[in-house]
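Heads up: the structure comes next, in structure tokens.
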Amino acid sequence: MNKPDNAIDISIIGAGVSGLSTGIRLLEAGHNVRIYAESISPNTVSDTAAAWWYPFLVEPLEKTNRWSAETFNELVRLREEEDVSCITMRMGKEFLEEECQVPGWSDSIPHFRILDDEEIASGYAFGWEIEAPVIEMQIYMPWLMGRFEELGGEINIVKINSISELPGEVLVNCCGLGGKELCNDHDLEPVRGQILYTTQDPGFGRFDQRPESLIYTIPRRDVTVLGGTAQRGDWDENIRDDDTEEILAKCESLWPELDRSKIVGMSVGLRPSRKEVRLEIERLPSGKKVIHNYGHGGAGVTLSWGCADEVARLLSSMMT
Ligand SMILES: Cc1cc2nc3c(=O)[nH]c(=O)nc-3n(C[C@H](O)[C@H](O)[C@H](O)COP(=O)(O)OP(=O)(O)OC[C@H]3O[C@@H](n4cnc5c(N)ncnc54)[C@H](O)[C@@H]3O)c2cc1C
């Protein structure tokens, strides 16, 4: 590929969905990009994502609504134009305890409607239906890595102890929860998520995504993902039997036909949660600039392409 005259040498920290999507965008813009990551797929948090498009546990809304909408469009484009078949479109119903304003992103997706009274699950008062992308991350993550390398990107498996040690004219930091140590970021904390997999298909997804209750059944092509938990400050990556029981009971409340004998696996991941996603430029004492892109909480997949585009925009603004 011919590089433009203004091609920049860029180092990215992280090979989760944020680092890989950002890397792809920057390579597409003609830059030279290397990734440095302590862990790569299948050993990142991104590999654990359920992964349903839904802006969950993430702020600030005025930005995340735009980044989610941009990601929605890109996921649909990848599916339709590039045949990325691990992205499928599924219907889901969100149930709420009381009537509320519709979310700010609702008018940016093609299918959003308020549920009729008779469609609302027992114990709830309101709800909406959306059609959204759902992604099999065990296929999507290797696809992202393949696309990144095909475009000329290079991946180095190494732990970075200090951002300033990295080579490159510009650094991009997509380190997820690693920012706690790497950036001494006290605003970042894990929100533990445990999920189960079943071969049973509920037909459409059922959701109650208040963090304190958190129920979801996400139908994918391979399995349905049952969740969940959102345990703030909890670093435990082991499966816990009490959580398994609680997830099953919660899912049965929305999906009484759930057959426990069809459970085929379980997983745990730590969401990189922050009061707000950190997507900004920082100038290091050396004068070198870092664009941070981490802290995507429970919506890193949902925000991935929108945030990658935002990094590319920030980079262009730095260069003019
Ligand atoms: C159970 C569960 C279900 C989820 N479901 C969904 C969903 O349905 N939809 C959705 O949108 N999101 C979902 N999420 C959230 C999503 O998984 C995360 O927001 C997303 O994976 C974050 O991606 P990331 O690339 O920023 O971080 P990560 O995937 O954690 O990647 C971070 C990368 O940085 C590297 N790194 C960190 N520190 C260093 C260092 N010092 N040196 C070198 N490398 C370093 C790591 O090795 C890794 O490569 C879910 C999460 C969980 C746990």
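The values are calculated or read from the model by the stated rules, or taken from the named source; none is laboratory data. Given the structure is predicted, the values throughout are model-derived calculations rather than measurements. Here Cβ is always computed from backbone atoms with ideal geometry, including for glycine, and neighbour counts include all displayed protein chains.
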Self-check item: Pairs with Cβ under 6 Å, 6+ apart, first in the stretch 287-304 and at negative phi and of a type in the set (Gly, Ala, Ser), second in a strand (DSSP E or B) and near the ligand (Cβ under 6 Å from one of its atoms)
Solution: Gly298/Arg271
Exercise. Determine the pairs where a residue that is outside any loop (DSSP other than H, G, I, E, B), located within the stretch 231-244, has a partner that is crowded, with 16+ Cβ neighbours inside 10 Å and modelled with pLDDT of 95 or more with Cβ atoms under 6 Å apart, the partner being 6 or more residues away or on another chain.
Key: Gln231/Arg192; Arg232/Val191; Asp243/Gln194; Asp243/Thr229
Quiz item: over 23 Å from Ser21 (Cβ atoms) and assigned to a loop (DSSP other than H, G, I, E, B) - does that describe any residue in the stretch 128-142?
Solution: no
Self-check item: Which numbered condition Gly30 misses (of (1) at pLDDT 95 or above; (2) part of a loop (DSSP other than H, G, I, E, B); (3) buried (at least 23 other Cβ atoms within 10 Å of the Cβ); (4) not polar (S, T, N, Q))
Solution: (3)
Quiz prompt | Unique residue being in contact with a Leu (Cβ under 7 Å, 6 or more places away or on another chain), part of a strand (DSSP E or B) and surrounded by 14 or more Cβ atoms within 10 Å (Cβ to Cβ) when the list is Ser267, Ser273 | solution = Ser273
Exercise. Answer with yes or no whether Leu314 is more than 10 Å from the ligand (Cβ to nearest atom), in contact with a helix residue (DSSP H, G or I) (Cβ under 9 Å, 6 or more places away or on another chain) and either under 17 Å from Gly176 (Cα atoms) or hydrophobic (A, V, I, L, M, F, W, C) (or both).
Key: no
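Mind listing whichever residues of the stretch 49-63 are within 11 Å of the ligand (Cβ to nearest atom) and under 15 Å from Arg278 (Cα atoms)?
Within the stretch 49-63, Leu57, Val58 meet the criteria.
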